[in-house]
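> Mind looking over this structure? Questions follow.
What follows draws every value from the coordinates through simple rules; no lab data is involved. Since this is a predicted model, take the numbers as computed values, not measurements. Cβ coordinates were reconstructed from backbone atoms using ideal geometry, including for glycine residues, and neighbour counts include every protein chain displayed.
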Amino acid sequence: MQDAGRDGARVRRPEVESVDVLFRAAGGATECSRWSSAAGEVVFENCPPLKPFPVRKGKRLAPGWWWSATTGRLVHYGSAAMRLHVMLLDRDPRVSGLAAWPLELRWHGTSGVRSHAPQLMLRLADGQGVLADCTGRGELSRRQRSLAAVVGEICTGAGWRYWVLGPVDPIYRRNVTWLAGYRHPRHHGGRLLAAALQEAFAEPAPLWEGVRRVGDPLIVLPALFHALWAGRLAADLGAPVHERMPSAHSPSLRSLHHRAVATRPEALPPPGTKLISPDQPHDPLIRKTAPGHRRPAGAGRGVGVAGPGNCPGESLGASGKGPAGFVRVQQQRLFTGCGGIW
């Protein structure tokens, strides 16, 4: 089948029955199957990467591994944009499985055999599969739009979805990055502490006041951050975190800051993420948070957490400068240097 592209050129759309998929089986051998049948039979989220991500000279970030709280396994990433979206997907309650580079699609185009290996594959809680690519830019080139349109049709024909995940709101990104440091179950704090947090924030209350009601902040804060990551407590992560921010017991935390651009409600990406559509190459809302564009002075520079002895009425603010005794966090330092396990 063929459709007319935005530039008037004829773009060949492959039939789903003619698309092949390459993946590595449990034994490590590479297998090739028809996409139409493998999409419903193969558990791609358990497949290892087809190949490691390359190390490119001059890049500030080398490939590394992310420990997933969703699966309890390591997920490979090859770029800063990919690592960011792996983190957001790991926190998304709809995601039950996550894998990096587990498959490659192949089909016949006008110029011969074409192929594409999506960076991520995720399994939603309802069993549906999603393929995703990550980018730090707010718009796609003509070639990228054409490829995204073809891959989207291939996925739709098999009952899957395809996302192109773009820039993330900077304040939301820094807040979730901080909470990700407490995603491991060791920060849960136990049943008694978890129940005390649920009781303290049964009604919306300032973060610091609820913490002081529960007990020692040095013990309570890690459990509180873990509860915010896991969604057992709710807060507006689209605003700078401070000790007076309202927090409450709510299972819908991860949908509080949803700014996705999508044509269908069921196709929404993770909270805080811009979904780039092949039919919308330019979106002014995306460019506001795209790299290289100026943000308001001080926006999202740091997140502060009140320490013992601080006055609950004092706020760190968006500038990252607060009263003496505050623990100031420059979030961009959390994931610096060459690759590794985070």
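> Based on other C-beta atoms within 10 Å, arrange Leu88, Leu193, Leu122, Leu50 from fewest to most.
Leu50, Leu193, Leu88, Leu122
> With the Cα gyration tensor of the range 75-188 in hand, give its eigenvalues times 5 under a square root as the equivalent ellipsoid semi-axes, listed largest first in whole angstrom.
Calculated on Cα positions only, the semi-axes equal 28, 17, 11 Å.
> Using per-residue counts of other Cβ atoms within 10 Å, averaged over each peptide, order 171-177, 71-77, 35-41 from highest down.
Answer by packing, highest mean first, reads 171-177, 71-77, 35-41.
> Please state the Cα pair-distance histogram of the range 8-155 with 10 angstrom bins from zero: what percent is in each bin?
Each 10 Å bin holds this share of Cα pairs: 10, 38, 37, 13, 1.
> Among Cys32, Cys47, what is the fewest-to-most ranking by other Cβ atoms within 10 Å?
So the ranking, lowest neighbour count to highest, is Cys32, Cys47.
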